[in-house]
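Okay, so here's the structure we're looking at.
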Ligand code: OAD
């Protein structure tokens, strides 16, 4: 990775080790190495699907079957994906008592699959479907088949229980995320362009509450020049592997994630 040599990694590990109570905020970039495309950038989902036509609540209410073209692709891709070294590394950091919680904007469930226990899903999860007319909920696997449009018992098209543009963040994850941001000593911001509100406020809340902000991203973001204290420029898996090596220098390989996941 290009992390400016080992200096920034060592400094980041020193801060993590000293303060212990770190929280991670993750975005689509952490799942890119699991084969799930991010949203922005040349390979991103929004080059294929205009978010105004496919990712707003208004678009879903107007033409849910059209929005399901994109949703079906997302569920298929996410359903076939496995956690990568970055997800597993974060779970290992939680097991070591370094990371206390993960706030994720992702809806793929890969942090839980990797063994992270305290995961705050800020934008929901593709695992559940909800009827926007009668509010009945279903596990996605019970109602959705690849390429199909899932229907509620009441006959309406179901929506995944994820946050579309134009929807509010559910109050519980929003409260939990802000509480974690205010209380943490270090915020690890991993694989997010930090362009979507209100998730992009979390680093500022942490910083204003006294946390050190460590960003892991191969690119610059709006946070890099001001909110970020240390920017590890590289892929999430490389950066987290290097951090784990610094934090447990005797180990050949990073500690494995808790079993049973
Ligand atoms: P973006 O697609 O906006 O940003 C992904 C970020 O990951 C970029 O900054 C990349 O540089 C970085 N990246 C790419 N590969 C990486 C790697 N291997 N390791 C680390 N970083 C990498 O995705 P988000 O910021 O997550 O919301 O997007 C936020 C929200 O916008 C999503 O939750 C979704 C979307 O619209 C809703 O749909 C409501």
Looking at the range 31-45, is at least one residue in a helix (DSSP H, G or I) and either in contact with a strand residue (DSSP E or B) (Cβ under 6 Å, 6 or more places away or on another chain) or over 25 Å from residue 113 (Cα atoms) (or both)?
no
Among residues of the range 19-30 being within 10 Å of the ligand (Cβ to nearest atom) and in a strand (DSSP E or B), the residue surrounded by the most Cβ atoms within 10 Å (Cβ to Cβ) is 25
Keeping to the range 155-204, report how many residues are more than 10 Å from the ligand (Cβ to nearest atom), in contact (Cβ under 8 Å) with a residue 12 or more places away in the chain and more than 18 Å from the chain's Cα centre (by Cα).
7
Restricted to the range 60-88, and to residues that are outside any loop (DSSP other than H, G, I, E, B) and within 12 Å of the ligand (Cβ to nearest atom), which residue is nearest to the chain's Cα centre (by Cα)?
87
Please state which of the following conditions residue 50 fails to meet, knowing it meets all the rest: (1) closer than 23 Å to residue 110 by Cβ; (2) more than 10 Å from the ligand (Cβ to nearest atom); (3) without any contact (Cβ under 8 Å) to a residue 12 or more places away in the chain.
(1)
From 33, 53, which residue is surrounded by fewer than 18 Cβ atoms within 10 Å (Cβ to Cβ) and in contact with a helix residue (DSSP H, G or I) (Cβ under 8 Å, 6 or more places away or on another chain)?
53
Conditions (1) out of contact with any strand residue (DSSP E or B) (no Cβ under 8 Å at 6 or more places or on another chain); (2) buried (at least 23 other Cβ atoms within 10 Å of the Cβ); (3) part of a helix (DSSP H, G or I) -> residue 113 fails only (2)
How many residues are crowded, with 19+ Cβ neighbours inside 10 Å and out of contact with any helix residue (DSSP H, G or I) (no Cβ under 7 Å at 6 or more places or on another chain) when one looks only at the range 36-49?
1
Could you tell me how many of the residues in the range 182-222 are assigned to a loop (DSSP other than H, G, I, E, B), touching a helix residue (DSSP H, G or I) at 6+ places or on another chain (Cβ under 7 Å) and buried (at least 21 other Cβ atoms within 10 Å of the Cβ)?
5
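No value in this document is a laboratory result; all are computed from the given coordinates. Note that this is a predicted model, so its numbers are computed, not measured. Methodologically, a virtual Cβ is constructed for each residue, glycine included, from the backbone with ideal geometry; neighbour enumeration extends over all protein chains shown.
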